[in-house]
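Asks: For reference, the structure I am asking about is given below.
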Amino acid sequence: MIENYLGILEKSLEKKLLVLNEIEDYTAKQESLLKQENVSMEELDANMEQKDDLIQKLTDLDEGFEALYERVKEQLSANKDAYKEQIKRIQDLITKVTEKSVSIQARESRNKKLVEDYFAKKKSEIRQSRQASKTVLNYYKSMSDTSAISSQIMDQKK
């Protein structure tokens, strides 16, 4: 019975590793999108939604793994030698999952910086555009006020 549970734990970790690989691919694509001169917000939004779905799937796998592990934890502790090989494979998978998670977190941190830079740049562009519009509007207002030339300035010929 416990062998079945250990098999399920192992398969859960393998699925988790596959999901993490997909998340890593989407994170890499997000990074390349953010490095483009003209970022497509639609593509970026679609990418983030797909990553969100994968993260939810990952969370579900985590919860299932934890629940199952809690169920067999005591039996494993009592019979470590009997399940030594399966425990070793599970530990190796946990190591791979942890390394992949750390790698993704580092990449996500870099992407966060790229997003912050992108929005700071856009904010600056909007500020400059508003300032230019304001300047043009003030120019036209001042020019429209001076359109009536005073007769005192004109030279009167008789």
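Asks: Any chance segment 77-96 includes a residue that's within 19 Å of the chain's Cα centre (by Cα), of a type in the set (Phe, Trp, Tyr) and surrounded by 13 or more Cβ atoms within 10 Å (Cβ to Cβ)?
Replies: Residues of segment 77-96 that are within 19 Å of the chain's Cα centre (by Cα), as a first pass: none.
Taking every residue of segment 77-96 in turn, none turns out to be within 19 Å of the chain's Cα centre (by Cα), of a type in the set (Phe, Trp, Tyr) and surrounded by 13 or more Cβ atoms within 10 Å (Cβ to Cβ).
Asks: Given the criteria within 20 Å of Glu85 (Cβ to Cβ) and not in a loop (DSSP other than H, G, I, E, B), does Glu66 qualify? Show your work before the answer.
Replies: On the way: within 20 Å of Glu85 (Cβ to Cβ): no; not in a loop (DSSP other than H, G, I, E, B): yes.
Judged against the criteria, Glu66 is not a match.
Asks: If Leu13 meets every condition in (1) modelled with pLDDT under 95; (2) closer than 21 Å to Gln105 by Cα apart from one, which number is that one?
Replies: Among (1) modelled with pLDDT under 95; (2) closer than 21 Å to Gln105 by Cα, the lone unmet condition for Leu13 is (1).
Asks: Then there's this: Give segment 21-33 a look and list any residue that's of a type in the set (A, V, I, L, M) and under 21 Å from Ser101 (Cβ atoms), or say none. Please lay out each step first, then the result.
Replies: The first filter runs over segment 21-33 and keeps only residues of a type in the set (A, V, I, L, M), leaving 23, 28, 33.
The answer is Ile23, Ala28.
Asks: Further question on the same structure: Looking only at segment 22-54, which residues are part of a helix (DSSP H, G or I), touching a residue at least 24 places away in the same chain (Cβ under 8 Å) and either surrounded by 13 or more Cβ atoms within 10 Å (Cβ to Cβ) or at positive phi (or both)? Explain how you work it out, then say what you get.
Replies: Step one: filter segment 22-54 for residues part of a helix (DSSP H, G or I), giving 22-35, 41-54.
Then drop every residue that is not touching a residue at least 24 places away in the same chain (Cβ under 8 Å), which leaves 22-24, 26-28, 30-31, 34-35, 50-51, 54.
Glu22, Ile23, Glu24, Tyr26, Thr27, Ala28, Gln30, Glu31, Leu34, Gln50, Lys51, Leu54, listed by residue number.
Asks: Can I ask one more? Residues in segment 118-129: is at least one free of Cβ contacts under 8 Å to residues at least 40 places away in the same chain, closer than 29 Å to Val19 by Cβ and surrounded by fewer than 13 Cβ atoms within 10 Å (Cβ to Cβ)?
Replies: Pass one, segment 118-129, residues free of Cβ contacts under 8 Å to residues at least 40 places away in the same chain: 119-129.
Cutting the leftovers down to closer than 29 Å to Val19 by Cβ gives us 119.
Among the residues that remain, those that are also surrounded by fewer than 13 Cβ atoms within 10 Å (Cβ to Cβ) are: 119.
Checked segment 118-129: at least one residue is free of Cβ contacts under 8 Å to residues at least 40 places away in the same chain, closer than 29 Å to Val19 by Cβ and surrounded by fewer than 13 Cβ atoms within 10 Å (Cβ to Cβ).
Asks: If you don't mind, there's one more thing I want to ask. Cβ-Cβ distance below 7 Å, separation of 6 or more or different chains: which pairs start in segment 91-113 with a residue that is over 17 Å from Glu22 (Cβ atoms) and end on one that is surrounded by 16 or more Cβ atoms within 10 Å (Cβ to Cβ)?
Replies: Here the result reads Ile94/Leu13, each pair linking segment 91-113 to a residue that is surrounded by 16 or more Cβ atoms within 10 Å (Cβ to Cβ).
The values are calculated or read from the model by the stated rules, or taken from the named source; none is laboratory data. Keep in mind the model is a prediction, meaning the values are calculated, not measured. Please note: Cβ atoms are built from the backbone with ideal geometry, for glycine as well, and neighbour counts cover all protein chains shown.
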